[in-house]
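Report on one structure; see the data block that follows.
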Amino acid sequence: MTKSDRHGPRSQVENEGRKPAIRNSCWLVLFTFIFLISLSGCHRKSAPEIIYVGHVAAFRGPDKFNGEQARQGILLALEEAQGSEDTIGENRRVEVIHVDSEGDVKSVEPKTVRLVAVNHVAALLGGTDWAYGEAMIPVAQSNEIPLLVTGGLPGRSTQAYAFHTGLSPDRQAEALADFASNHHAPPIKKMAVLVDGVDKGPSSFLAGKVMREFLKKEGNSLAGEWTYKEYRKGAAGTEGEWSFKSAEDLKDIVEQVRGRHPEGILLVGSPGDLARLRKAGLDEKLPLFFAGEDGSEGVLRGISSGQPVFLATGFALDQNEKQKDFATRYEKRFHEPPDVHAAFAYENMKILLDVMGRVSSAKGVKIQEALESLTDFPTLSGDVTFDKDHHWADCQAFVVRVQDGRVKVEYVPKKEEKKDGSTH
């Protein structure tokens, strides 16, 4: 028997013995693969719960820049909070629906209703425009949908589902009067007051509050108060109110103001009124103190001259370190500096994201309850606290000077007590 003959049968037996082992190994690999697939399926992340938030702003018309700044502030807050996985909390994703008011205040309420009824938003965001806030609040209240809004008036806006984060009218009036009386060089002792009569609610409240605060200091007085209103066909005027069609019609007011020899002028209204009054001959040597919606700084800077204009705002780039850091991140993302509209939209969105990441259910009632228990939440303008009786954040005021196209912080008043926006 040859060598190959001797080994042939044994090799055949060995091969036959190996076949079951190979088959067993194949089955083992197959079962292992199936097990791993099933195991990965058990741990696969389910689709996130999507929560919708509605935002109404002007993206066309003269206020489109304000709306775009707010949209970008909201986007930055979303990107920072939701990260690469685009989620918050227990696998939730927040998406914001931006609705264009086209600069028409009358469209705000029906568009807010649509956000609630058709888009089923769980919360709403408003801006610094008082009229927008007043239009959105009744919709939020009747549908039990929480609204975070920057602007608004105390008393008129005290509703269970409305929360305010911006500079309250009280804070604005106190800061402006305090600066004029005690920190302007020289201190103002005699003030002339010019009030826009188009929307008597906001203007009258602010004018009255600033005047009361100003007159608290001994020796201060008023040179007089003048109310003006742009002419509207069919709109009745009131006694002592100037109705004008052009700057020419405002010359009588300007002459009367000049004859009373004030040391300063308080203008309560819109920034556009200042351009008309200057054209009518307003004395530009006098310091002007502006009271109106927060966010007017940009327009005032655009029409600024050598006349110093002072106003109170809740956002100033060259003061708060948090605000500086936010401005750096914002500019890196959008290649332009932020303004007050971007800052407060960012704050409001951050507050909502924090609350929505913690609530057991993304229902309006649950979000409202969580907002009412918000305590010392850090924002760009200080720590925000809400409760059932206080829906106004205690925003820090900054008094800034607008002159020759530049803006500079002049005074930062100390906060002595909490303010909820109510009159006192």
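FYI, it's all coordinate maths here, none of it is from the lab. What you see is a predicted model; the values in this text were computed from it and never measured. For neighbour counting, all protein chains shown are included, and Cβ atoms are generated from backbone atoms with ideal geometry for every residue, glycine included.
Under 5 Å from the amide H of Lys229 lie the amide H atoms of Gly197, Trp242, Ser243, Phe244, each residue being 5 or more positions distant or on a separate chain, with H modelled from the backbone and absent for Pro and chain starts.
Which value does Rg/Rh take for segment 170-313 over its C-alpha atoms, Rh per Kirkwood? Present the calculation step by step, with values, prior to reporting the outcome.
Working: Rg = 14.2 Å, Rh = 15.2 Å.
Here Rg/Rh amounts to 0.93.
With a simple spin-label model that places each label point 7 Å from the Cα along the Cα-to-Cβ direction, the separation between Ala185 and Ser373 comes to 5.1 nm. Exposure proxy shown here: for Thr328, Thr112, the number of other Cβ atoms within 10 Å sets the order, fewest to most, as Thr328, Thr112. Extending 7 Å from Cα along the Cβ direction at Asn143 and again at Glu255 yields two label points whose distance is 5.4 nm.
Sequentially through segment 342-358, phi angles give Karplus couplings (6.51, -1.76, 1.60; θ = phi - 60°) of 5, 5, 6, 5, 4, 4, 4, 5, 4, 5, 4, 4, 4, 5, 5, x, 10 Hz, Gly and Pro residues having no value and appearing as x. Annotation: amide H of Val384 within the under-5 Å range of Asp376, Phe377, Thr379, sequence separation 5 or more or interchain, hydrogens built in the peptide plane. Between Ser46 and Lys106, the modelled labels are 4.8 nm apart [label points 7 Å from Cα along Cα→Cβ]. Measuring between their Cα centroids, segment 334-368 and segment 55-82 lie 12 Å from each other.
Which number comes out as Rg/Rh for segment 322-424 once both Rg and the Kirkwood Rh are worked out on C-alpha atoms?
Values: Rg = 16.2 Å, Rh = 15.8 Å.
Answer for segment 322-424: 1.03.
Extension gain, Lys285-Lys332: 0.36 nm per intervening residue step, less the Cα-Cα distance, totals 13.0 nm. Taking each residue as 0.36 nm, the span from Lys217 to Asp86 lengthens on full extension beyond its C-alpha to C-alpha distance by 41.8 nm. Partners of Lys408 within straight-line reach, counting aspartates and glutamates whose Cα lies under 15 Å from its Cα and excluding those fewer than 8 residues away in the same chain: Glu297, Asp318, Asp339.
For a Förster distance of 41 Å, can you work out the FRET efficiency between the beta-carbons of Lys324 and Glu225, rounded to the nearest 0.05? Present the calculation step by step, with values, prior to reporting the outcome.
On the way: r = 39 Å, r/R0 = 0.96.
Given R0 = 41 Å and the Cβ-Cβ separation, E is 0.55.
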